[in-house]
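First the structure, in the form of structure tokens, and then the observations on it.
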Amino acid sequence: MTSPPPIDPAERLLCGPGPSNVSPGVLAAMQRPMLGHLDPDLHDLLLELVELLRATYQARGGLVLPLQATGTSGMETGLASLVEPGDVVIVANAGFFGSRIVEIARRYRAEVVEIKAQLGQHVSNERLLDALDRHPDVRLVAVVHAETSTGVEHPLRDLGEAMRGRDTLLLADCVTSLGGVELDFDGWGIDYAYSCTQKCLGAPPGMSPIAVSERALARIRARKTPVPYSLDLQLLEAYWVQRPAVYHHTAPVLHIYALHEALRHADLEGLEARWQRHADAGGFLQAALAERDLKLLADPDHQLAPLTAVRVPEGVDGRRVQSRMLRDHGIEIGGGLGPSAPPIWRIGLMGYNARVQVAERVLEALDAVLAEEPQRAVVSGAASN
């Protein structure tokens, strides 16, 4: 067998729902010398990384660490840790990832109270609080802060404040919000949050940063049933935070370098400035789409900035447009997610790509591709000047 040539991927502008492009500095960090996963220098770096994550989550107490996992594994770790058979769990289901929480919670034999939203809407906090009042034995409420499948942002701050004083824990999916929109783990009373590295944090995929409150940790320590070994937060804490570290697994050293560099950039930028940069880029894109008479899926009062879901115009082949964007312009945008998804495009401006200049490139390419669609010709100020 002849050995294949070295890989030489094409340059892409990744403006789908993730992953996103990373900065040159983050890419360069992955070229630094390897360290062993038990090297004291690496353990010092892990502690720095945890402190940077604490600042990003605004989580001063409890446990914060990056799982060697996907965002979905971060989801499952939380449910595996906080749910025992027979526990009542309320899930706000506003899209694909709300449905995934429902499925995983049921696999851990929870009694799930599922509250669904209409397409492009969020589950109101009033409905969640009403469900809490009707089910006084609820152990956990789970909400997707930023629903990646629809571009809807849940008013998480208000929910956390309304739940204060209850014994019920609050779990939040922050996969498309951490580092891109306002989030205050401690201030909003969140008990377990999980995210991923490849979206607003601006690092490659492969890790799932989590934050766990003190009262959630107390719930975990008082469990009657064991947690799967690879998801056991007490064992993971002993490796990531305890010194001397207790071996659990081999950490992804190069991914740690990359995430450390991405979080260092975020720290230098400042949280509020970073949130504003995402808001500016997303707002510019959404206003420009409206000028082109392209309709957004999300309720405008709860539109997420980093991720925009756009309805495919009638008569337009959405997949062909995606293919042309990639083939002719080197730009990736996403489609709908799941078998019942409506015909939409999902455009992400996250992390390093959360810039107005990137939005302009996407719009220019979209104008060019749509102008050649047989049922649609877009005429906009940007295209006609």
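The values are calculated or read from the model by the stated rules, or taken from the named source; none is laboratory data. The shown structure was predicted, so the numbers you read here are calculated from the model rather than taken from an experiment. Don't worry about glycine lacking a Cβ; one is built from the backbone with ideal geometry, like all the others, and counts go over all protein chains shown.
Can you list the helices (runs of 4 or more DSSP H) lying wholly within segment 22-130 that have 1 or more residues being touching a residue at least 60 places away in the same chain (Cβ under 8 Å) and touching a strand residue (DSSP E or B) at 6+ places or on another chain (Cβ under 9 Å)?
Hits in segment 22-130: 40-57, 71-82, 96-107.
Name, by its number, the condition in (1) farther than 28 Å from ALA258 by Cβ; (2) at pLDDT below 95 that does not hold for LEU337.
Tallying (1) farther than 28 Å from ALA258 by Cβ; (2) at pLDDT below 95, LEU337 fails exactly one: (1).
State whether one or more residues within segment 222-236 are in contact with a Pro (Cβ under 8 Å, 6 or more places away or on another chain), part of a helix (DSSP H, G or I) and either among the aromatic types (Phe, Trp, Tyr) or surrounded by 18 or more Cβ atoms within 10 Å (Cβ to Cβ) (or both).
For segment 222-236, residues in contact with a Pro (Cβ under 8 Å, 6 or more places away or on another chain), part of a helix (DSSP H, G or I) and either among the aromatic types (Phe, Trp, Tyr) or surrounded by 18 or more Cβ atoms within 10 Å (Cβ to Cβ) (or both): absent.
Take SER3 and tell me if it is under 26 Å from ARG355 (Cα atoms), of a type in the set (Ser, Thr, Tyr) and not in a helix (DSSP H, G or I).
no
All but one of (1) over 30 Å from LEU27 (Cβ atoms); (2) modelled with pLDDT under 95; (3) in a loop (DSSP other than H, G, I, E, B); (4) not small (Gly, Ala, Ser) hold for THR250; state the number of the condition that does not hold.
(1)
Among (1) within 30 Å of GLU261 (Cα to Cα); (2) surrounded by 16 or more Cβ atoms within 10 Å (Cβ to Cβ), where does GLY187 come up short?
(2)
Please verify whether VAL369 is under 13 Å from GLY16 (Cα atoms), of a type in the set (A, V, I, L, M), in a helix (DSSP H, G or I) and out of contact with any Phe, Trp or Tyr (no Cβ under 7 Å at 6 or more places or on another chain), treating the condition exactly as stated.
The answer is no for VAL369.
Which of the numbered conditions does VAL89 fail, given that it passes all the others? Conditions: (1) crowded, with 21+ Cβ neighbours inside 10 Å; (2) under 20 Å from the mean Cα position of the chain (by Cα).
Among (1) crowded, with 21+ Cβ neighbours inside 10 Å; (2) under 20 Å from the mean Cα position of the chain (by Cα), VAL89 violates only (2).
Go over the candidates LEU263, LEU297 one by one and state the one that is under 18 Å from VAL181 (Cα atoms), surrounded by 18 or more Cβ atoms within 10 Å (Cβ to Cβ) and touching a residue at least 60 places away in the same chain (Cβ under 8 Å).
Going through LEU263, LEU297 in turn, the sole match is LEU263.
On the given criteria, is ARG100 surrounded by fewer than 22 Cβ atoms within 10 Å (Cβ to Cβ), at pLDDT 95 or above and within 21 Å of LEU254 (Cα to Cα)?
no
Looking only at segment 170-186, which residues are under 14 Å from the mean Cα position of the chain (by Cα) and either part of a helix (DSSP H, G or I) or over 15 Å from VAL138 (Cβ atoms) (or both)?
ALA172, ASP173, CYS174, VAL175, THR176, SER177, LEU178, GLY179, GLY180, VAL181, GLU182, LEU183
Within segment 303-335, which residues are assigned to a loop (DSSP other than H, G, I, E, B) and touching a Pro at 6+ places or on another chain (Cβ under 6 Å)?
Hit for segment 303-335 is VAL312, nothing else.
Just checking, how many residues over segment 291-330 are modelled with pLDDT of 95 or more and on the phi > 0 side of the Ramachandran plot?
Summing the residues that are modelled with pLDDT of 95 or more and on the phi > 0 side of the Ramachandran plot in segment 291-330 gives 2.
Do we find a residue being surrounded by 24 or more Cβ atoms within 10 Å (Cβ to Cβ), in a loop (DSSP other than H, G, I, E, B) and modelled with pLDDT of 95 or more anywhere in segment 158-169?
no
Can you go through ALA216, ALA245, ALA211, ALA290 and tell me which one is in the same structural domain as GLU182 (by TED's automatic domain parsing) and either more than 24 Å from the chain's Cα centre (by Cα) or surrounded by fewer than 19 Cβ atoms within 10 Å (Cβ to Cβ) (or both)?
Just one listed residue meets the conditions, ALA245.
Please enumerate the residues belonging to segment 103-123 that are of a type in the set (D, E, K, R) and either under 17 Å from LEU170 (Cα atoms) or modelled with pLDDT under 95 (or both).
Answer for segment 103-123, where residues must be of a type in the set (D, E, K, R) and either under 17 Å from LEU170 (Cα atoms) or modelled with pLDDT under 95 (or both): GLU111, GLU114.
Please find, within segment 58-77, the residue that is modelled with the lowest pLDDT out of those that are within 15 Å of the chain's Cα centre (by Cα) and not polar (S, T, N, Q).
ALA69
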